[in-house]
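What follows is one structure encoded as structure tokens, with my remarks underneath.
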Amino acid sequence: MPCPEDKKETLLSFGAALLMDMGTMKTKVVIDTAEILHAVGLVHKVLVVTILNIVDGWGGDGGQLDKHSSQSIWSSAIGSKKERLRAIEDIDTYSENNPGTLCWVLINAEGLDSVLPELLRSKFNMVVVDESTIIKTRTAGRTKTMVEYFKKAPFKIIMTGNPIPKGADEAFSQYHFVDEGVFGAKYYPHVERYFDVDYFGKVLSVKDPEGFDEELYSIAYRVKKSDCLSLPPKVYQTVYVTMTPEQSKSYQAMYEDAVSSYDDFSCAAPMVITKFLRCSQIAGGFFPGIKQSEEGSVGEMDARPILPNPKLEALVEVVGRLREQKEKIVIWARFRKEIESIQERMLKEGHRSVVYYGGVNYKTKVEAKQKFNNGGADIFIGNAQSAGKGLNELAGSSYSLYYSNDYSAECRQQSEDRTTRPGMDESVSCTYIDFVCRGSIDEECLAVLRSDKDFAEIILSRCNKRK
């Protein structure tokens, strides 16, 4: 296969892609690799860039470095800018005084920009991106930062179970970071070589799948759970509920006219995707809107509970039955109001529960994971966007309850994988229970997600066809 012009001059660095499913020990592979390179004098400092949820899984008490490293010290550069700078400075000082120790800095991707000059001065020999889909978008500032500022790192590794959750073209940015010699440094020649595109340049399909796979796996190590682990089977169940007449009326008005009201709240959704979002909120038992008075709108956008809430009552009933069997439970919900409402009911019912979502601070999130993992709580209530990746503390829970779904197939799959880990009893199944309002968007959304597609893209594709 001829080499594209932009591949002929490659950087003097070594890159690798660990395309390993969740639970197949890819973090240990990275740690072992770094320590081997350290032993032969090639790597002395490692930077790990990931999402905030995963930072604590690498370091901290009982983290992967604690379990698997034999000659390492690490520091987590999280929190305020001052705290991040102190963490980097501490590692730099220790590394200078202890050259025989492998040193690691762990940082969440969102915190890169605030301490980038200090990170560059640290001269890391190895840079690792865990959950590398965080740099899958080539135009994103985060991706540009990783590619531009760390291109001269001698060793680079990307880690993910699936580098192309929405399309094969998403691999370009990740590989551009780790080894631009694979797909080249320029996006459009890469697309022209491997993909069919429409008039606007959107990738439609892979026209050279064999060539693309050959390049993709040229620096990759692929491991699937089915190849090496005996994990419990997945069982899917659906609990159907019927909306109350008033709830159904508000829902239908929003679905058909994109304008609805409930009690003294009103709401309009001028965009199609917003309309479906509002429909999901109503199905979940909350009316999103602005309070109205005789003089007009009062206050800002808020969400009023729709009472009674059939979906919440159905959830409470199932949780009660499972807790009678002493089961530990994970509950997933999309919206903050849903999570807060579920937490309130769990407390009222006497269940020990913790919450984990975007509105919770980092310290509370860490405590939530610890409580659920060490027996301090029996129910974990989370949002798939915040808790769907990197939380190994949910492993061993036999039941995951989906009060509502995010529209992303990747979020759904990642959240499901939180409860399947190596070492689990093969005879014990993992059960995923979805709570669905009949005749609502819940039904269609679930069907699309179970076909491993993004519901949001389905909605938008319909809009484009109508134009």
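The values are calculated or read from the model by the stated rules, or taken from the named source; none is laboratory data. Please read these numbers as outputs of a predicted model, since none were measured by experiment. Cβ: placed from backbone, ideal geometry, glycine included. Neighbour counts: every protein chain shown.
Those residues that are surrounded by fewer than 16 Cβ atoms within 10 Å (Cβ to Cβ) and touching a helix residue (DSSP H, G or I) at 6+ places or on another chain (Cβ under 7 Å), I need them from the stretch 115-135; list them, please.
LEU116, LEU120
Any chance the stretch 149-160 includes a residue that's surrounded by fewer than 15 Cβ atoms within 10 Å (Cβ to Cβ) and either under 17 Å from GLY15 (Cα atoms) or in the same structural domain as LEU119 (by TED's automatic domain parsing) (or both)?
For the stretch 149-160, residues surrounded by fewer than 15 Cβ atoms within 10 Å (Cβ to Cβ) and either under 17 Å from GLY15 (Cα atoms) or in the same structural domain as LEU119 (by TED's automatic domain parsing) (or both): present.
Answer yes if at least one residue in the stretch 94-111 is in contact with a Gly (Cβ under 9 Å, 6 or more places away or on another chain) and either within 21 Å of LYS389 (Cα to Cα) or acidic (Asp, Glu) (or both), and no otherwise. Walk me through how you get there before you give the answer.
First, pick out the residues of the stretch 94-111 that are in contact with a Gly (Cβ under 9 Å, 6 or more places away or on another chain): 104, 106, 111.
Then keep just the ones that are either within 21 Å of LYS389 (Cα to Cα) or acidic (Asp, Glu) (or both); that gives 106, 111.
Checked against the condition, which is being in contact with a Gly (Cβ under 9 Å, 6 or more places away or on another chain) and either within 21 Å of LYS389 (Cα to Cα) or acidic (Asp, Glu) (or both), the stretch 94-111 yields at least one hit.
If ALA253 meets every condition in (1) assigned to a helix (DSSP H, G or I); (2) in contact with a helix residue (DSSP H, G or I) (Cβ under 7 Å, 6 or more places away or on another chain) apart from one, which number is that one?
So the condition that ALA253 fails would be (2).
What are the pairs with Cβ atoms under 9 angstrom where one residue, in the stretch 155-166, is closer than 13 Å to VAL49 by Cβ and the other, located anywhere, is at pLDDT below 85? Sequence gap at least six, or different chains.
Here the result reads LYS156/SER13, each pair linking the stretch 155-166 to a residue that is at pLDDT below 85.
Taking the residues in the stretch 293-310 that are hydrophobic (A, V, I, L, M, F, W, C) and assigned to a strand (DSSP E or B) as candidates, determine which candidate is modelled with the lowest pLDDT. If you could, list the steps in order and put the result at the bottom.
To start, the set of residues in the stretch 293-310 that are hydrophobic (A, V, I, L, M, F, W, C) comprises 298, 301, 303, 306-307.
This time we only want the ones that are assigned to a strand (DSSP E or B), so: 298, 301, 303.
Details: VAL298: 50, MET301: 65, ALA303: 82.
Residue satisfying both the conditions and the ranking: VAL298.
Failed condition for ARG421, given (1) under 18 Å from the mean Cα position of the chain (by Cα); (2) at pLDDT 75 or above, with all others met?
(2)
Restricted to the stretch 46-58, and to residues that are surrounded by 21 or more Cβ atoms within 10 Å (Cβ to Cβ) and not in a helix (DSSP H, G or I), which residue is modelled with the lowest pLDDT?
It comes out as THR50.
Please note which strands (runs of 3 or more DSSP E) are completely contained in the stretch 325-431 and include at least 3 residues that are in contact (Cβ under 8 Å) with a residue 40 or more places away in the chain.
Filter on the stretch 325-431 gives 329-332, 379-382, 399-402.
Quick check: anything in the stretch 81-95 hydrophobic (A, V, I, L, M, F, W, C) and not in a helix (DSSP H, G or I)?
Checked against the condition, which is being hydrophobic (A, V, I, L, M, F, W, C) and not in a helix (DSSP H, G or I), the stretch 81-95 yields no hits at all.
Taking the stated definitions as given, is LYS224 within 30 Å of ILE331 (Cβ to Cβ), surrounded by fewer than 13 Cβ atoms within 10 Å (Cβ to Cβ), among the basic types (Lys, Arg) and modelled with pLDDT under 90?
Considered against the rule, which asks whether it is within 30 Å of ILE331 (Cβ to Cβ), surrounded by fewer than 13 Cβ atoms within 10 Å (Cβ to Cβ), among the basic types (Lys, Arg) and modelled with pLDDT under 90, LYS224 comes out as yes.
Among the basic types (Lys, Arg), assigned to a helix (DSSP H, G or I) and surrounded by fewer than 20 Cβ atoms within 10 Å (Cβ to Cβ): does that describe LYS453?
Criteria not met by LYS453.
For the stretch 61-73: of the residues being surrounded by fewer than 18 Cβ atoms within 10 Å (Cβ to Cβ) and in contact with a strand residue (DSSP E or B) (Cβ under 7 Å, 6 or more places away or on another chain), which is farthest from VAL129 (Cα to Cα)?
GLN71
Name the one entry in GLU180, GLU110, GLU131 that is touching a residue at least 40 places away in the same chain (Cβ under 8 Å) and over 19 Å from the mean Cα position of the chain (by Cα).
Of GLU180, GLU110, GLU131, the one residue that is touching a residue at least 40 places away in the same chain (Cβ under 8 Å) and over 19 Å from the mean Cα position of the chain (by Cα) is GLU180.
Any chance you could count how many residues in the stretch 18-32 are out of contact with any Leu (no Cβ under 9 Å at 6 or more places or on another chain) and in a helix (DSSP H, G or I)?
2
Just one of SER80, SER69 is out of contact with any Phe, Trp or Tyr (no Cβ under 6 Å at 6 or more places or on another chain), closer than 19 Å to HIS44 by Cα and among the small types (Gly, Ala, Ser); which is it?
Criteria check complete, one pass: SER69.
For the structure I just gave you, tell me whether ILE282 is buried (at least 23 other Cβ atoms within 10 Å of the Cβ) and not assigned by TED's automatic domain parsing to the domain that holds ASP434.
Here the answer is yes, as ILE282 does meet what is asked.
Given ASP90, ASP21, ASP61, which one is farther than 26 Å from TYR217 by Cβ, at pLDDT below 90 and not aliphatic (A, V, I, L, M)?
ASP61
Of all residues being acidic (Asp, Glu) and within 28 Å of the chain's Cα centre (by Cα) in the stretch 61-99, which is nearest to GLU110 (Cα to Cα)? Just the residue, please.
Ranking the qualifying residues of the stretch 61-99, first place goes to GLU83.
So which residues in the stretch 365-387 are surrounded by fewer than 23 Cβ atoms within 10 Å (Cβ to Cβ) and either more than 17 Å from ILE339 (Cα to Cα) or not basic (Lys, Arg) (or both), if there are any at all?
VAL366, GLU367, GLN370, LYS371, ASN373, ASN374, GLY375, GLY376, ALA377, ASP378, GLN385, SER386 - these are the residues of the stretch 365-387 that are surrounded by fewer than 23 Cβ atoms within 10 Å (Cβ to Cβ) and either more than 17 Å from ILE339 (Cα to Cα) or not basic (Lys, Arg) (or both).
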